[in-house]
1. It is to be established whether one or more residues within segment 175-189 are under 14 Å from the mean Cα position of the chain (by Cα) and either closer than 24 Å to Q42 by Cβ or part of a strand (DSSP E or B) (or both).
2. Would you check which residues across segment 24-51 are touching an Asp or Glu at 6+ places or on another chain (Cβ under 7 Å), in a loop (DSSP other than H, G, I, E, B) and crowded, with 16+ Cβ neighbours inside 10 Å and list them?
3. Taking the residues in segment 67-105 that are surrounded by 21 or more Cβ atoms within 10 Å (Cβ to Cβ) and either out of contact with any Phe, Trp or Tyr (no Cβ under 9 Å at 6 or more places or on another chain) or among the charged types (D, E, K, R) (or both) as candidates, determine which candidate is farthest from A8 (Cα to Cα).
4. Which of the residues belonging to segment 150-161 are out of contact with any Phe, Trp or Tyr (no Cβ under 6 Å at 6 or more places or on another chain) and assigned to a strand (DSSP E or B)?
5. Of all residues in segment 159-178 being surrounded by fewer than 14 Cβ atoms within 10 Å (Cβ to Cβ) and in contact (Cβ under 8 Å) with a residue 12 or more places away in the chain, which is farthest from K148 (Cα to Cα)?
6. Looking only at segment 64-90, count how many residues are farther than 16 Å from G136 by Cα and among the aliphatic types (A, V, I, L, M).
7. Which of the residues that make up segment 54-92 are part of a strand (DSSP E or B) and either more than 18 Å from V32 (Cβ to Cβ) or touching a residue at least 60 places away in the same chain (Cβ under 8 Å) (or both)?
8. In segment 106-121, which residue that is of a type outside the set (S, T, N, Q) and either surrounded by fewer than 19 Cβ atoms within 10 Å (Cβ to Cβ) or farther than 15 Å from Q151 by Cα (or both) is nearest to the chain's Cα centre (by Cα)?
Amino acid sequence: MPLPAPKARYTFADCLTWGESQHIEIINGEAVMMAPPTRIHQEILMELSRQLANFLEGKKYKVYPAPFAVRLLEKDGDAPDDVDTMVEPDISVVCDHDKLDEYGCKGAPDLVVEILSPSTQRNDRLTKFNLYQRTGVREYWIVDPENKNIQVFLLDGNALHPHEVYSEKDIAKVSVLDGCFIELSKVFPAE
């Protein structure tokens, strides 16, 4: 499928017309193309998703790996043409089932994980960080494959604050999921 035709403002209605193989986010009406992920990115994504899914088995909370549409600013009654921000976090954990619909998540997930790549680093650390903070994401993980660490930010009031930095040998605590711990030696295996 060809790239979407240039427009002044994209909406979620546009996203619904694009092919599933297109990985494009829209932020404040601007389309942001995403490069295909690397093999290491996908291995990290799968292991984090696996550990989260194992913990959540039998619970009402859900984990969704990308691609998964998150419409952070959508309000009840909004039509797809009204929504000009849709992101696809690498991993989303949603604790409120009412936020889920046939397209993905309407509102902020409780936990968002972004895995850095050279092409997304600025977007994940600045643009998306500010967006997640503004919309009330309770816990935000930035995974750095190159340095084999995870920076954890927790929402306190209206701001995401640094909470912890975990290295490849640590066991990371998921604060929004009581009793959930992630073995990082499996996320960042020795090569």
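Read-outs throughout are calculated quantities, based only on the coordinates presented, and are distinct from any laboratory measurement. Since the model is a prediction, treat every value here as computed from it, not as a measurement. Cβ placement follows ideal geometry from the backbone for every residue including glycine, while neighbour counts extend to all protein chains displayed.
1. no
2. Hit for segment 24-51 is M34, nothing else.
3. The selected residue is D90.
4. Matches in segment 150-161: Q151, L154, L155, D156, A159, H161.
5. Of everything passing the filter in segment 159-178, A159 is farthest from K148 (Cα to Cα).
6. Going through segment 64-90 one residue at a time, the tally reaches 4.
7. Hits for segment 54-92 are K62, V63, Y64, P65, M86, V87, I91.
8. If we take residues in segment 106-121 being of a type outside the set (S, T, N, Q) and either surrounded by fewer than 19 Cβ atoms within 10 Å (Cβ to Cβ) or farther than 15 Å from Q151 by Cα (or both), then P109 is nearest to the chain's Cα centre (by Cα).
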